[in-house]
Structures are given as C-alpha cells and as structure tokens.
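Enquirer: Sharing a structure with you now.
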Amino acid sequence: MKLKKIISLINILLFAAGLFAANDIALLEKSKNSGMTIYWDSLSESGIIEKNGHQLSFRNGERMVLLDSIRMMITDAPELRDNQLYVSKKFLDDSEEFFNQKSELPFKVGAILIDAGHGGKDPGALKTYKINGKNVTIQEKDITLKVSKMLAERLKAAYPGKQIILTRNTDKFLTLGERTDIANGVKVGENEAVLFISVHVNSSLNKTSSGYEVWYLSPGYRRNVLDKSAVDGDENLYTALNAMLEEEYTTESIMIAKFIMDGLQAQIGKESTARGIKAEEWFVVRNSNMPSVLIELGFVSNEKEALLLNDERYLKKATLGIYNGIAAFITHFERSQGFTSIK
Ligand SMILES: [Zn+2]
C-alpha cells in the first residue's frame with residue numbers, strides 16, 4: 001500500500017522536517033514565475049498549489065500536505081505571517097519534486113448517483129391546487145422522481161463510460177440509511193470519484209417564498225472519510241488526514257453546487273429565482289464518502305411555482321440545467337485531475 005509506506009516514513013521525517021523550518025520564502029511572490037497557481041481560502045486557512053496538472057493541498061501550520069487528493073507527504077509547514085504565506089526551501093523543493101512526477105492515471109468521475117428525494121409512503125412536500133376546475137395534489141416525491149429519471153437518461157447518453165445510478169426509479173420508500181448504503185456501495189476505480197446529487201422540492205409557510213437553491217455539506221460536519229486501518233490506529237494522524245480529505249470533498253461539493261446553480265440559472269432563471277448556494281450541517285447524505293450536493297428545485301407552497309413544477313416542459317428545462325452543471329463540473333474535474341479551486 002502506497003499509503004502505509006508513506007506513513008511509515010512519517011516518524012523519521014517529522015524529526016527531520018523540524019530542523020529545516022526556516023520559512024523565509026513568500027509563496028505568492030515565488031509562484032509568479034514558477035508555473036504554480038495558488039488557491040487560498042482564508043477562512044479555513046488552507047490552500048492548493050497547482051502545477052503540471054498536479055495538486056498539493058496544504059494548511060497553515062500543518063506539516064502534512066495532501067498530493068492529488070490521494071497521497072500525503074510530510075514537509076515543512078507553511079506559515080501565515082502578516083497576511084502573507086511563507087514557506088521554506090524544503091517545502092518548495094518537495095513540492096517541485098511532486099509536481100514534476102508523471103501522473104499514472106487520469107483522475108475522473110467514475111459514478112454519479114442521483115437521489116430522488118422521498119418516495120412511497122413519504123410524499124415529501126405537497127399542496128393541493130385547483131387546476132382547470134380539478135383538485136390536483138402536487139407532491140415532492142413525484143417531481144423528484146421525474147427529474148431524477150430524466151437526469152439519469154441524459155447522463156447515461158452523454159457518459160456511457162460512467163456508472164449512472166438512481167437510488168430509486170419507482171415510487172418507493174427508502175430510509176436515509178438505505179440511500180447512504182447505496183451511495184457507499186458504489187464501486188469505482190482507485191482514481192475515480194463518485195458524485196452524489198440529491199433532488200428535492202421546498203415548502204414554506206410563507207406562500208410567497210419561491211426559487212431554487214443548491215446545498216452542500218459544510219466543513220463543520222466532520223465525516224469519517226478515511227479508513228482508520230490506513231493509519232495503523234494513529235489517532236492524531238487520523239484526525240488530521242480526515243480533516244484534509246473532508247475539506248477536499250467540501251471544496252468539490254461547493255464547486256458542483258456552483259456549476260449546478262449556474263446551469264439552473266441559464267435554464268429557469270427567467271421563470272424562477274436563484275436563492276443561492278447554501279451550506280448545511282445536516283444532510284441527507286452526511287455519511288456518504290463523496291462530494292455531494294442537494295438541490296431544492298422550487299416551492300410547492302407557492303402556487304405559481306407549484307404549477308411550474310407540475311409542468312413537464314419546466315421540469316425538462318430544470319433537468320437540462322442540472323445536467324449542464326454536472327457536465328461542466330466533470331469537464332473541470334477531469335481536465336484538472338481531481339483538482340478544485342477555492343476562489
Ligand atoms: Zn425533500
């Protein structure tokens with residue numbers, strides 16, 4: 001195992017790294033003529049350096065860096081001083097050595113899971129309206145199923161090489177645990193990622209509330225993304241690695257959310273309102289080990305919007321919007337080998 005070999009080196013390197021920790025090189029300055037692109041998120045004090053299609057994720061004051069989202073390396077910790085990032089010569093040398101490696105396999109999206117919210121005995125949000133003199137109940141579970149099936153069809157046609165999986169394709173009840181199990185049961189290659197896209201519809205006591213929004217899991221919820229056996233039960237190492245991997249998934253989730261938001265805006269922006277991208281700590285897929293987003297397509301509690309959500313033409317447009325967003329993410333993700341930028 002690559003991981004274990006690297007971890008076995010850590011004890012030796014931890015000591016050595018301490019001896020060279022002279023952080024006297026301004027990273028941003030240095031990056032200008034070295035072909036590196038630096039992405040920095042001041043909130044989480046973490047960043048990514050990209051070069052030659054490789055990505056190195058780092059964090060202020062942390063010796064451990066993550067390489068291409070799958071391997072780790074111990075080097076000198078970058079240091080934030082007077083709002084400037086400083087690194088040591090060793091940090092730069094180690095990074096360069098990594099950036100100059102040939103990548104073995106391209107990183108790609110191996111599977112896309114589409115989760116139609118609710119189903120069976122759980123209708124989700126619903127509201128009855130009089131349409132052409134008849135009482136019609138518009139139910140979340142029907143809308144989410146229609147959109148999910150159309151989305152799966154589009155994705156299957158566009159990406160025959162990827163697994164496109166629906167958590168349900170009939171009016172069936174699924175517990176959250178069952179949805180998560182389906183998600184975590186997807187088998188993909190070592191360099192492949194799984195995307196989880198959950199489709200829902202909103203409801204509010206305020207009948208004027210309307211619009212679509214995309215949620216991602218906030219970094220506040222630390223999922224256990226790494227298998228503990230991978231670090232031989234080292235609790236500190238496990239926590240640090242897990243936090244870094246988690247951040248990676250969060251960044252990717254924010255990226256998908258942004259792309260889907262843009263896609264929806266282009267298709268249904270004139271008929272509905274963009275309510276933006278939101279972060280939440282509770283989440284339908286909080287136990288799934290993958291980048292994931294949840295889309296709320298609109299409000300059934302708003303009569304005008306409920307009628308749109310009951311309209312096949314509108315749902316087709318919304319589906320196209322989601323599809324375009326996912327496609328844009330895949331293009332970005334696969335071209336950049338699993339990299340996601342923080343901007
Ligand atoms: Zn729902």
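Read the figures in this text as sums done on the coordinates, not as results from a lab. Predicted model only: the values in this text are computed from it and were never measured. Glycine also receives a Cβ, built like all others from the backbone with ideal geometry; neighbour counts cover every protein chain displayed.
Enquirer: Report, in listed order, any pair from Lys30/Lys108; Lys90/Lys258; Lys134/Lys304; Lys162/Lys316 with a Cα-Cα distance greater than 24 Å.
Expert: Exceeds cut-off: Lys30/Lys108; Lys90/Lys258.
Enquirer: Give me the extension gain from Thr208 to Ser44: residue separation times 0.36 nm, minus the current Cα-Cα distance, reported in nm with one decimal.
Expert: Here the answer is 55.4 nm.
Enquirer: Which order do the peptides 195-202, 137-144 take when ranked by the mean count of other beta-carbon atoms within 10 Å per residue, highest first?
Expert: Answer by packing, highest mean first, reads 195-202, 137-144.
Enquirer: In region 20-46, whose amide N lies under 13 Å from the spot 7 Å out along Cα-to-Cβ of Gln84? List them in ranges.
Expert: The answer is 23-31, whose backbone nitrogens lie closer than 13 Å to the label point.
Enquirer: Decide, for region 154-201, between rounded, prolate and oblate: order the square roots of the alpha carbon gyration tensor eigenvalues as a ≥ b ≥ c, take rounded if a/c falls under 1.5, and otherwise choose prolate if a/b is larger than b/c, else oblate.
Expert: In terms of gyration-tensor shape, oblate.
Enquirer: Can you work out the Karplus-derived ³J(HN,Hα) for every residue in region 33-45? Use 6.51 cos²θ - 1.76 cosθ + 1.60 with θ = phi - 60°, whole Hz, and x for glycine or proline.
Expert: With coefficients 6.51, -1.76 and 1.60, one gets 10, 10, x, 8, 10, 10, 10, 10, 10, 5, 5, 8, 6 Hz.
Enquirer: Using a Förster distance of 22 angstrom, determine the FRET efficiency expected from the C-beta separation of Lys156 and Lys187, and round it to 0.05.
Expert: 0.75
Enquirer: Right, something else. Just to be sure I understand the model, the point goes 7 Å from the Cα along the line to the Cβ. What's the resulting Lys278 to Lys30 distance in nm?
Expert: 4.2 nm
Enquirer: Okay, which of region 134-154 sit inside 17 Å, backbone N to the point 7 Å along the Cα-Cβ direction of Leu307?
Expert: Flagged as within label range: 134-139.
Enquirer: Using label points projected 7 Å from each Cα along Cα→Cβ, tell me how many nm separate Thr239 and Thr170, to one decimal.
Expert: Label at Thr239, label at Thr170, 4.8 nm between them.
Enquirer: Can you list residues from other chains, or at least 5 along the same chain, whose modelled amide H is less than 5 Å from the amide H of Tyr86?
Expert: When sequence neighbours closer than 5 places are left aside, the close amide H contacts are Leu27, Glu79, Leu80, Arg81.
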